[in-house]
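Some notes on the structure that comes next.
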Amino acid sequence: TYTTDTKSRQENKKTIKSLCRLSVDIKKIRRLKEWVLLQDVAYVKETAGILQEMGADETAVANILERCPEAILHTPAEINSQRALWQSVCQNEKQLIKLIEQFPESFFTTEYHENQKANILFFQELGLKNNIITRFLTSAPSIFCNPVEKNKNVIETLQRNYLSLGGRDANMKIWILKLLSQNPFILLNTSTAIQENLEFLQKNDFTDHEVLQLLSKLKGFIFQLTPTTMQKSMLFSKDVFKCSDQELKQLVLKCPALLYYSVPVLEERLEGLLKEGVSVAQIRETPMVLELTTQIVQYRIKKLSAVGYDIKRGTLESLNGTKKDFEVTYGKIQSRKERPIFNPVAPIHIED
């Protein structure tokens, strides 16, 4: 913990001088994390030396220290321990320094070094490839702050539920690894929350097979919800589409977004579609369109209208999918419009 009482303290001149020698933008640090400059002890030269040893050039070093100035407050021993740990999952030092350049804050979070070490070992034993673990270290560093026992507990809960929902033992490892790769943040949930969400789905008459289907489709995001938010979203959809419980269940299986998105989000997206002249019946037929933001829907409708496609009469399927999927659909509609009409029985005029 560092002091925030900046008024009564002066900047460390030695630190500033050392940073200036490395062409670091002091103004930037003052603006973002001035408290770093007030500390009595800093390891500017040593930190820069370790980064240079790993292959960082002068510009890269300056860039790293501007983005994460607190790096200079860690001892060389701490940084070298972190370096050895990250090297155990990186292909080489070239890849490691590239990751540090992109995610300096993740690398210089040394307070949880022992937890990181234990979790890396656990993930390797679980069967996660090193390239996935490095992705976790950079994009989901918070899961490494957990004690390894907590992460093990969550994984065991998922494994237990997978089997109790009818999942095959032979496929369990692949299922768990895929779920983790898609959404490592499931490890930030508690075992109790996971259990409650699964029980909620079962109480709402989803069969074990359907619950498993939803877990796979939602890529584990279901664990970031609560029974209350899911209940509200389902009631909203039931009211909008005027459907029975069984029909609602089929809509949710077709489009898990009806379960995942909150009522305000669903409301906004529904209103956006209705303003474009789309009917509720059309949305019910193709609920997946609610996975798209209002801005994306408006852009796609405008683009399709420009080539003569009337969304009010056509199917909403043409709006669905990723950007790439839509471009393929759009291309097909456009080429149909531009293709000349050929009449096989029309006489051919031959000029002499």
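The values are calculated or read from the model by the stated rules, or taken from the named source; none is laboratory data. Model, not experiment: these values are computed from the prediction. Virtual Cβ from ideal backbone geometry, glycine too; neighbours counted across all protein chains shown. What goes into the accessible areas is simple: the full protein's heavy atoms, side chains included, and nothing from ligands, DNA or RNA. Shrake-Rupley method; radii C 1.70, N 1.55, O 1.52, S 1.80 Å.
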### Query
Is region 143-157 home to any residue that is under 26 Å from Lys203 (Cα atoms), in a helix (DSSP H, G or I), at pLDDT 90 or above and not β-branched (Val, Ile, Thr)?
yes
### From the options Leu214, Leu201, Leu177, residue that is closer than 15 Å to Ile132 by Cα, open to solvent by less than 60 Å² (accessible area, probe 1.4 Å), of a type in the set (A, V, I, L, M, F, W, C) and in a helix (DSSP H, G or I)
Leu177
#### Entry: Residues of region 214-247 satisfying the condition of being over 20 Å from the mean Cα position of the chain (by Cα) and of a type in the set (Phe, Trp, Tyr)
Phe236, Phe241
### Task
Just give me the residues in region 260-285 being open to solvent by 70 Å² or more (accessible area, probe 1.4 Å) and either touching a Leu at 6+ places or on another chain (Cβ under 6 Å) or of a type in the set (Phe, Trp, Tyr) (or both), in sequence order.
Tyr260
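Return yes when Thr192 is surrounded by fewer than 14 Cβ atoms within 10 Å (Cβ to Cβ), closer than 24 Å to Thr229 by Cβ, without any contact (Cβ under 8 Å) to a residue 40 or more places away in the chain and of a type outside the set (Phe, Trp, Tyr) and no when it is not. Show your work before the answer.
Numbers: surrounded by fewer than 14 Cβ atoms within 10 Å (Cβ to Cβ): yes; closer than 24 Å to Thr229 by Cβ: yes; without any contact (Cβ under 8 Å) to a residue 40 or more places away in the chain: yes; of a type outside the set (Phe, Trp, Tyr): yes.
Spelling it out, Thr192 is indeed surrounded by fewer than 14 Cβ atoms within 10 Å (Cβ to Cβ), closer than 24 Å to Thr229 by Cβ, without any contact (Cβ under 8 Å) to a residue 40 or more places away in the chain and of a type outside the set (Phe, Trp, Tyr).
Does region 157-174 hold any residues that are touching a residue at least 12 places away in the same chain (Cβ under 8 Å) and either more than 22 Å from the chain's Cα centre (by Cα) or surrounded by fewer than 16 Cβ atoms within 10 Å (Cβ to Cβ) (or both), and which are they?
The first filter runs over region 157-174 and keeps only residues touching a residue at least 12 places away in the same chain (Cβ under 8 Å), leaving 157-159, 161-162, 164-167, 172-173.
Answer for region 157-174, where residues must be touching a residue at least 12 places away in the same chain (Cβ under 8 Å) and either more than 22 Å from the chain's Cα centre (by Cα) or surrounded by fewer than 16 Cβ atoms within 10 Å (Cβ to Cβ) (or both): Thr157, Gln159, Asn161, Tyr162, Ser164, Leu165, Gly166, Gly167, Met172, Lys173.
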### Task
Go through region 9-28 and give me each residue that's more than 16 Å from Thr59 (Cα to Cα) and either under 34 Å from the mean Cα position of the chain (by Cα) or of a type in the set (S, T, N, Q) (or both).
Gln10, Asn12, Thr15, Lys27
### Query
Taking only pairs six or more apart or across chains, which ones have beta-carbon atoms under 8 Å, a first residue in region 217-239 that is within 15 Å of Leu188 (Cα to Cα) and of a type in the set (A, V, I, L, M), and a second residue that is part of a loop (DSSP other than H, G, I, E, B) and modelled with pLDDT of 80 or more?
Ile222/Pro256
### Candidate set: region 124-138, residues that are outside any helix (DSSP H, G or I) and not charged (D, E, K, R); chosen: the one surrounded by the fewest Cβ atoms within 10 Å (Cβ to Cβ)
Gly127
### Query
Quick check: anything in region 180-189 touching a Gly at 6+ places or on another chain (Cβ under 7 Å) and either open to solvent by 60 Å² or more (accessible area, probe 1.4 Å) or under 26 Å from Gln298 (Cβ atoms) (or both)?
yes
### Task
Please indicate, with yes or no, whether at least one residue in region 221-231 is surrounded by 15 or more Cβ atoms within 10 Å (Cβ to Cβ), at pLDDT 90 or above and not polar (S, T, N, Q).
yes
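Return the residue satisfying two criteria in turn: it lies in region 217-269 and is outside any helix (DSSP H, G or I) and of a type in the set (Lys, Arg), and of such residues it is farthest from Ala193 (Cα to Cα).
We begin by selecting, within region 217-269, every residue outside any helix (DSSP H, G or I); these are 218-220, 225-226, 242-244, 255-256, 261-262.
After this cut, where a residue has to be of a type in the set (Lys, Arg) as well, the list is 219, 242.
Details: Lys219: 16, Lys242: 30 Å.
Taking the candidates together, the pick is Lys242.
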### Task
Please go through region 102-120 and pick out each residue that is open to solvent by 20 Å² or more (accessible area, probe 1.4 Å), among the hydrophobic types (A, V, I, L, M, F, W, C) and part of a helix (DSSP H, G or I).
Ala118
### Message
Against the condition of a type outside the set (A, V, I, L, M, F, W, C), at pLDDT 90 or above and under 23 Å from the mean Cα position of the chain (by Cα), how does Thr190 come out, does it pass?
### Response
no
